[in-house]
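Computed from the coordinates by the stated procedures, all read-outs in this text should not be read as laboratory data. Computed from a predicted structure; not experimentally measured. Here the Cβ positions follow ideal geometry from the backbone for every residue, glycine too, while neighbour counts run over all protein chains shown.
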Amino acid sequence: MPQKPSRLTQLAITTAPVVFVLLWSTGFIGARFGLPYIEPLTFLAVRMIFVVMLMAAIALVTLCVVLLLPAEKTRGIGRDEPAPRAAD
């Protein structure tokens, strides 16, 4: 029987779509207000820098959680689970 996902995994599954939609939808809003004052490629570069910083922060937090918590609490987060043994 599969194990229930950890709280962190559930949180990631729940918040990932929200973060994606926010990052995606701010492109239009930012372009609408920013393009009269900044070149299009400069705007995209600045926007991508913010996205990279956000994703790096998420990766750093995930890495710290995986390294600091015991293995049984982080099962399924970046760790290979052993294959189930065949019944004799």
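Observations on the model:
- Ala57 paired with Phe20, simple spin-label distance in nm, labels 7 Å along Cα-to-beta-carbon: 2.1 nm
- FRET E, pair Cys64, Ile13, Förster distance 30 Å, beta-carbon r, rounded to 0.05: 0.95
- Global form of the range 7-72, assessed from the alpha-carbon gyration tensor, a/c cut-off 1.5: oblate
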